[in-house]
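S.K.: Pasting a structure here, questions to come.
The values are calculated or read from the model by the stated rules, or taken from the named source; none is laboratory data. Here the structure is a predicted model, which is why all the values come from computation and not from measurement. Here the Cβ positions follow ideal geometry from the backbone for every residue, glycine too, while neighbour counts run over all protein chains shown. Heads up: the accessible areas ignore ligands, DNA and RNA and are worked out on the full protein's heavy atoms, side chains in. Shrake-Rupley method; radii C 1.70, N 1.55, O 1.52, S 1.80 Å.
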Amino acid sequence: MSTAGIHAGWSAATDCHGALTPPVYSASAYAQTSHATLKARFERREQGFAYARSGNPTTAVLEERITALEGGTAAIAVASGQSATTIALCALAAPGGHVVASSLLYGGTTEFLDDTLADLGVTCTVVDPWDLRAWEEAFTADTRAAIVESIANPGAQLVDLEALSAIAHARDVPVVVDSTLASPALYRPGEHGADVVVHSATKYLCGHGTTIAGLIVDTGRFDPRRCPERWERLTTPNRRFGVTFADEYERGGSGLLAYARAKYVTDFGTTLPAASAQQILVGIETLDLRVRKISADAAVLAAELHGLPGVAAVHHPTIPGRPDAHLAARDFPHGTSGVFSLELEGGEGAAAAFCDALTLWTIAVNIGDARSLVCHPATTTHCHLTDAQREACGVGPGTVRLSVGLEDRADLRADLERGLAAAREAAEVLAAA
Ligand SMILES: Cc1ncc(COP(=O)(O)O)c(C=O)c1O
């Protein structure tokens, strides 16, 4: 992991100046040696760069690196984690398909499923991923994809991906796993049954809160040729592009991602800029180190906060009584990321007092930064959801999400004590009012 994180996709020997790190190719278009070359690229008979909306050499290095880190066959880098999910699900299920979705998803994904994907005629059944029977019963003849998070945001719930995938695969349905919180340093979904992995690279892969980016990886399990009528858009000649995308599998690539890039990345224009790709590549170089330290510190802080006055619950897989504790032990030997949440007594008033009293933790709606961050999901990341949707993913009025950074753990703990004292005071005032 550490070696691939530094070397995969780039060799200084291939650069004309011997640049040790991949340069930022910030060109909108690429000069061609002849008319015939450009024509061949547009006809998809020849690989290569033509116009940067379809990709650029810096982004290509990132795609190769994440493919190696996830042990996949191909990847596409896009403008954000949100566009990674959007494009993956559109490529599989639009128009008119059906998606089985975990109830434990990032708020933005739930909103997309509920609203924009529904506009494209894609219906969705939302299921508790810990209820395997409900998961099984949710599949219909029209189901084209299932989606789960390997570590859910913000409650850090884990899923039994082997079991969920087996159910989906028995119906020839590919499983998309949002592995943003885990990153390949903690978990490789392809080894547990995932067909497609999506990342908000904005988070741990970047690691320093500088850049928005998304990635889609094909793990090499999904083959639409097994069910050609269901995946006609991949298995028959495409009128617009003049190719059969499934032919990519013969070349060891991904028909699904070739289709997603040609159609959705091009049409939606959600290309990742070269400068952003370079920021993510730099972040990945230290991914393994950062994520292991952060995960270990988060587990210690979660245990220390558990049972403190004013804390009704700590949502972290290692807290006694969590139904996914066995999954943490079985599948996450290096930890479960720096994200977890607290349930404060006193609801939103206590949560607000807690956040406002912190001096080291910053109030911000990001995770996976080098800086420790805190937010109140019910009024921010999950504010457009219904009460029932919030409840289903474990977000209540007193929930605060913590994203542990790289600071000294004792300093973080001392600041949390300050926040808890303020939260207790606010809860008392509210109770007396
Ligand atoms: C689990 C998860 N997936 C996807 C996203 C969306 O990513 P981005 O903000 O890069 O679009 C987020 C953002 O917070 C997230 O936490």
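S.K.: Residue by residue, what Karplus-based ³J(HN,Hα) values in Hz, rounded to whole numbers, does the range 236-241 have, using 6.51, -1.76 and 1.60 with θ = phi - 60° and x for Gly and Pro?
M.R.: Per-residue couplings from phi come out as 10, x, 8, 4, 5, 9 Hz.
S.K.: Continuing with this model, one more query. So, with a 1.4 angstrom probe, what is the percent of accessible area on the range 271-341 that is carbon and sulfur? List each step's numbers first, then the result.
M.R.: On the way: 1700 of 2630 Å².
Accessible surface attributable to carbon and sulfur in the range 271-341 totals 65 percent.
S.K.: In whole Hz, what ³J(HN,Hα) sequence does the range 359-373 give by Karplus (6.51, -1.76, 1.60; θ = phi - 60°), x for Gly and Pro?
M.R.: 10, 9, 6, 9, 6, 6, 8, 10, 9, x, 7, 5, 8, 6, 10
S.K.: Also, quick follow-up: Only helices at least 24 Å long along their own axis, judged from Cα atoms, and with Kyte-Doolittle mean hydropathy of 0.5 or greater: name those in the chain from DSSP H. Spell out each step's value before the answer.
M.R.: Values: long enough: 287-305 (26 Å, 0.68); 409-432 (34 Å, -0.01).
Flagged H segments are 287-305.
S.K.: Provide the net charge surrounding Gly9, with neighbours chosen by a C-beta distance below 13 Å and charges set as Lys +1, Arg +1, Asp -1, Glu -1.
M.R.: On the way: positive: Arg65; negative: Asp15, Glu63, Glu64, Glu70, Glu285.
Around Gly9, the charge tally is -4.
S.K.: Further question on the same structure: Which order do Thr73, Thr59 take when ranked by solvent-accessible area (1.4 Å probe, heavy atoms of all protein chains), largest first?
M.R.: Numbers: Thr73 60, Thr59 5 Å².
Listed by decreasing accessible area, they come as Thr73, Thr59.
S.K.: What nm distance separates the two modelled labels at Arg133 and Ser54, each placed 7 Å from Cα along Cα→Cβ?
M.R.: 5.1 nm
S.K.: Using the heavy atoms of the protein chains and a 1.4 angstrom probe, tell me the accessible area per residue for the chain in square angstrom. It would help to have the intermediate numbers written out before the result.
M.R.: On the way: 17360 Å² over 433 residues.
Ligands and nucleic acids excluded, the figure is 40 Å² per residue.
S.K.: If you average the C-alpha positions of the range 255-333 and of the range 381-420 separately, how far apart do those two centres end up, in angstrom?
M.R.: 15 Å
S.K.: Any idea what the relative contact order of the chain is, in percent, if you count C-alpha pairs under 8 Å spaced at least 6 apart?
M.R.: This gives 17 percent for the chain.
S.K.: Another one. For the range 11-136, give the percent of accessible area contributed by carbon and sulfur heavy atoms, probe 1.4 Å, rounded to a whole number.
M.R.: Numbers: 3170 of 5870 Å².
Roughly 54 percent, rounded to a whole number.
S.K.: Return the whole-Å distance between the Cα centroid of the range 207-247 and the Cα centroid of the range 143-196.
M.R.: The distance from the Cα centre of the range 207-247 to that of the range 143-196 comes to 17 Å.
S.K.: Additional query: Accessible area, 1.4 Å probe, largest first: how do Arg41, Arg371 sort? Don't skip to the end; give the middle numbers.
M.R.: Working: Arg41 65, Arg371 115 Å².
Largest accessible area first, the residues go Arg371, Arg41.
S.K.: Among DSSP beta bridges whose residues both lie in the chain, state the antiparallel percentage, nearest 5. Show your work: numbers first, answer last.
M.R.: Working: 25 of 43 bridges.
Bridges in the chain that DSSP calls antiparallel: roughly 60 percent.
S.K.: A follow-up question, please. In terms of modelled amide H atoms, which long-range or inter-chain residues lie less than 5 Å from the amide H of Asp128?
M.R.: For Asp128, whose amide H was placed from the backbone, the distant partners under 5 Å are Ser103.
S.K.: Stokes-Einstein diffusion coefficient for the range 249-356 at 4 °C in a medium of 1.567 mPa s, Rh from the Kirkwood formula over Cα pairs: what value in µm²/s? Don't skip to the answer; put the middle values down first.
M.R.: Values: Rh = 17.8 Å.
Once the numbers are plugged in, D ends up at 73 µm²/s.
S.K.: Using the per-residue mean of other Cβ atoms lying within 10 Å as a proxy for protection, in what order, highest first, do the peptides 199-209, 314-324 fall? Please report the intermediate quantities before stating the final value.
M.R.: Values: 199-209: 26.3, 314-324: 18.1.
For the peptides 199-209, 314-324, the packing ranking is 199-209, 314-324.
S.K.: Could you go through the range 195-201 in sequence order and give the Karplus-derived ³J(HN,Hα) for each residue, using 6.51 cos²θ - 1.76 cosθ + 1.60 with θ = phi - 60°, rounded to whole Hz, and x for Gly and Pro?
M.R.: Rounded to whole hertz, the list is 9, 9, 10, 10, 10, 8, 6.
S.K.: Next up: What's the whole-number percent of alpha carbon pairs in the chain lying beyond 33 angstrom? Spell out each step's value before the answer.
M.R.: On the way: 32342 of 93528 pairs.
Tail of the P(r) past 33 Å holds 35 percent of the pairs.
S.K.: When the Kirkwood radius is taken over all Cα pairs of the range 251-290, what Stokes-Einstein diffusion coefficient follows at 10 °C and 1.306 mPa s, in µm²/s? Don't skip to the end; give the middle numbers.
M.R.: Details: Rh = 12.2 Å.
Calculated translational D: 130 µm²/s.
S.K.: Another question about this same structure. Need one value: the accessible area of Lys39 in square angstrom, 1.4 angstrom probe, rounded to the nearest 10.
M.R.: 100 Å²
S.K.: What share of all Cα pairs of the range 355-433, in percent, falls into each consecutive 5 Å distance bin?
M.R.: Taking every Cα pair in the range 355-433, the percentages come to 3, 15, 21, 21, 18, 15, 6, 1.
S.K.: Something else: Less than 11 Å Cβ to Cβ from Cys393, Lys/Arg counted +1 and Asp/Glu -1: what total charge do the surrounding residues give? Show your work: numbers first, answer last.
M.R.: Working: positive: Arg390; negative: Asp128, Glu149, Glu391.
The answer is -2.
S.K.: Here's something else I'd like to know. Efficiency by 1/(1 + (r/R0)^6): what FRET value for Glu391 and Met1, r their Cβ-Cβ distance, R0 = 45 Å, to the nearest 0.05? Let's see the in-between values first.
M.R.: Numbers: r = 37 Å, r/R0 = 0.82.
Computed FRET efficiency for Glu391 and Met1 comes out at 0.75.
S.K.: Starting from the amide H of Ala74, placed 1.01 Å from N in the peptide plane, find each other amide H under 5 Å away whose residue is 5 or more places distant or on another chain.
M.R.: Asp218
S.K.: Under the rule of at least 5 residues apart or a separate chain, name every residue whose amide H is placed under 5 Å from the amide H of Gln157.
M.R.: When sequence neighbours closer than 5 places are left aside, the close amide H contacts are Ala152.
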